[in-house]
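The structure appears below as structure tokens.
The values are calculated or read from the model by the stated rules, or taken from the named source; none is laboratory data. What you are looking at is a predicted structure, and each value in this text was computed from that prediction instead of being measured. We place every Cβ from the backbone using ideal geometry, glycine too, and count neighbours over all the protein chains shown. Note: accessible area is taken over every heavy atom of the protein model, side chains too, but ligands, DNA and RNA are not part of it. Shrake-Rupley method; radii C 1.70, N 1.55, O 1.52, S 1.80 Å.
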Amino acid sequence: ESMSSALPRIRSRDALLYLYTSGTTGVPKGVVLSHANVIARGRNYWRQFMITGDDKCYNLAPLFRGAAMFSVVITGICYGITIVIPPDFRPHHVWEEIISENVSFLHANPFHFAVLANMPGNENGRFPNIRLCFSSGNRLSPAISDKFFDKFGTKIAERYGTVEAGGICVDGRT
């Protein structure tokens, strides 16, 4: 018997991933996501942000959260982007790692952006290849977003969504 005939047939509606909600609107609950749903989310990020196989993502956001799971991991798998995941958050090393790895987009939480925007040094610094910054997980204050832009010249796209529906708005736009 061949290996392929021994494998179960997978349909697009079959469960692929179980994620838990944060409980914002009530008790946290498990959400079952199908193969088709997960692939569609990856495709949406790819289309919206014109991600290509040449992109490299520097990810500081926890991968167990929906936003990082879909915009980083799933999009990375589907479209072949390289994902750089540091072992921990070392603010003074972020910039040198982004430059040495030739990173084109940064995905982090508001906490990370606040620390980076308020760090001494790097005034009027620029990232040679960064074209996208994503913030997810909590609300990014306009003051931090503005300070980060003033300091580094890179706009942060704030993303919001739900586990059930996926990313539903960027910077307040649906």
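Here is how the numbers come out for the structure above:
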item	result
Efficiency of FRET between S100 and V32 - r from beta-carbon atoms, R0 35 angstrom, step 0.05	0.30
Formal net charge of residues neighbouring T75 (Cβ-Cβ distance under 14 Å; K, R +1; D, E -1)	+3
Residues whose placed amide H lies under 5 Å from that of L106, excluding near-sequence neighbours	Y58, L132, C133, F134
FRET efficiency, L7 to I85 (Cβ-Cβ, R0 35 Å, nearest 0.05)	0.70
Prolate/oblate/rounded call for segment 34-132, Cα gyration tensor, a/c under 1.5 rounded	prolate
Cα gyration tensor category, rounded, prolate or oblate, for segment 31-78 with a/c compared to 1.5	oblate
Neighbour-limited loop hits for trypsin sites (Lys or Arg not before Pro), segment 7-89 (at most 13 other Cβ within 10 Å; DSSP other than H, G, I, E, B)	R9, R11, R13, K29
Under 29 Å from K56, Cα to Cα: lysines that are on another chain or at least 8 residues apart	K147, K151, K155
Accessible surface, 1.4 Å probe, highest first, among residues E101, E96, E158	E96, E101, E158
